[in-house]
1. Treating only the Cβ of Lys, Arg, Asp and Glu as charged (+1, +1, -1, -1), what charge dipole size does segment 70-241 show about its Cα centre? Round to the nearest 20 debye.
2. Taking the Cα centre of segment 160-207 as the origin and placing charges on Cβ (Lys, Arg +1; Asp, Glu -1), which of Thr197, Phe181, Leu162 is farthest toward the positive end of the dipole?
3. What accessible surface, in Å², does a 1.4 Å probe find on Phe171, ignoring ligands, DNA and RNA and rounding to the nearest 10?
4. What distance in nm separates the simple spin-label points at Leu4 and Val25, each placed 7 Å from Cα in the Cβ direction?
5. Considering only the other residues whose Cβ falls under 10 Å of the Cβ of Thr112, what net charge follows from Lys and Arg at +1 and Asp and Glu at -1?
6. Quick check on packing: order 89-100, 4-15 by the mean number of other C-beta atoms within 10 Å, highest mean leading.
7. What part of the accessible area of segment 70-241, given as a whole %, is carbon or sulfur when the probe is 1.4 angstrom?
8. So what's the net charge close to Arg50: Lys and Arg +1, Asp and Glu -1, counting the other residues with Cβ under 13 Å from its Cβ?
Amino acid sequence: MYSLLEERLKVLGWQQTAHQLDSLVESASANNVSYFDFLDTLVKQEWEQREAQALTKRIQKARFPYSKTIHDFDFSFQPSISEQRVKETLTCRFIANGENRLILGPPGVGKTHLAIGFGLEALAKGYHVLFMTADDLGEQCQKAAKKGTMNYLINRLCKPDLIILDEVGYFSFDTLTANLFFQVVSKRYEKGAMIITSNKSYVEWGKTFGDDVLATAILDRLLHHSVTFNIKGDSYRMEEKKKAGIFPTPPAIESEK
Ligand code: ADP
Ligand code: MG
């Protein structure tokens with residue numbers, strides 16, 4: 001009887017309950033638990049297990065390059081970042097409203113870390129997220145053009161609740177990718193949230209997109225409902241290396257007379 005119940009629970013997909021059947025029944029009878037509380041415990045455990053599995057799947061699908069949360073971020077090292085705006089972003093209201101977050105700054109100041117931290121929070125709240133670098137976008141665009149699957153790619157980029165596009169500006173976009181990006185931004189405008197990180201200020205985006213008019217049209221849509229985090233601090237990577245003694249402070253050079 002017992003193993004039949006376990007078997008049927010598994011067939012029904014109640015894996016967690018099937019695995020814990022023994023201990024659940026024992027603890028319920030030992031503690032004289034009511035029928036309602038017993039059922040409630042079973043359902044709660046099964047529910048939480050499924051939520052955790054779904055979250056793990058969404059995290060894998062998001063394709064983050066590394067996993068670091070906002071709690072791992074040392075805000076005292078980057079005082080130029082408004083903690084208030086970070087907190088507001090973590091509520092994920094911007095995703096519900098189809099708004100954007102732009103994170104600008106030189107290399108190593110924590111742009112990718114912040115973007116991933118926001119992404120993880122969105123995933124925990126049940127949203128679907130996709131992370132990609134501008135370089136990935138260019139590669140996927142070229143592949144799609146060759147295969148004739150451009151519409152499929154555009155749909156794939158419009159589907160997630162939040163798209164994180166990292167490292168805009170390190171390389172210039174080719175014309176095809178710049179146009180694809182414009183289409184994605186236009187389609188997502190006021191509907192799908194985006195986080196974009198860049199080492200370039202907005203005035204330099206014309207060069208990145210190879211076209212000032214196109215860059216202006218993209219920025220116009222991106223910035224309409226958005227918050228920009230302009231990080232002005234030092235590179236955290238360099239600071240860690242300095243602390244480890246990899247870059248000893250150079251001896252003072254005597255100025256030429
Ligand atoms: P970039 O601005 O170039 O995208 P990253 O976000 O990749 O920089 O940060 C580089 C490394 O330094 C990562 O390992 C990141 O976790 C770490 N880092 C950057 N800023 C901070 C910070 N303020 N607190 C903790 N770790 C940080
Ligand atoms: Mg980065």
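1. Charge dipole of segment 70-241: 540 debye, to the nearest 20.
2. Working it through, the farthest residue towards the positive pole turns out to be Phe181.
3. 140 Å²
4. The two pseudo-label positions are separated by 1.3 nm.
5. On the way: positive: Lys68, Lys111; negative: Asp166, Glu167.
Its environment carries a net charge of 0.
6. Details: 89-100: 17.5, 4-15: 12.7.
Descending mean neighbour count gives 89-100, 4-15.
7. On the way: 4230 of 8420 Å².
Here carbon and sulfur together make up 50 percent of the probe-accessible area.
8. Working: positive: Lys44, Lys57, Arg58; negative: Glu46, Glu48, Glu51.
Summing Lys/Arg as +1 and Asp/Glu as -1 gives 0.
The values are calculated or read from the model by the stated rules, or taken from the named source; none is laboratory data. Only a predicted model underlies this, so the values are computations on that prediction, with no experimental measurement involved. Note that we place each Cβ from the backbone using ideal geometry, even for glycine, and neighbour counts take in every protein chain shown. Heads up: the accessible areas ignore ligands, DNA and RNA and are worked out on the full protein's heavy atoms, side chains in. Shrake-Rupley method; radii C 1.70, N 1.55, O 1.52, S 1.80 Å.
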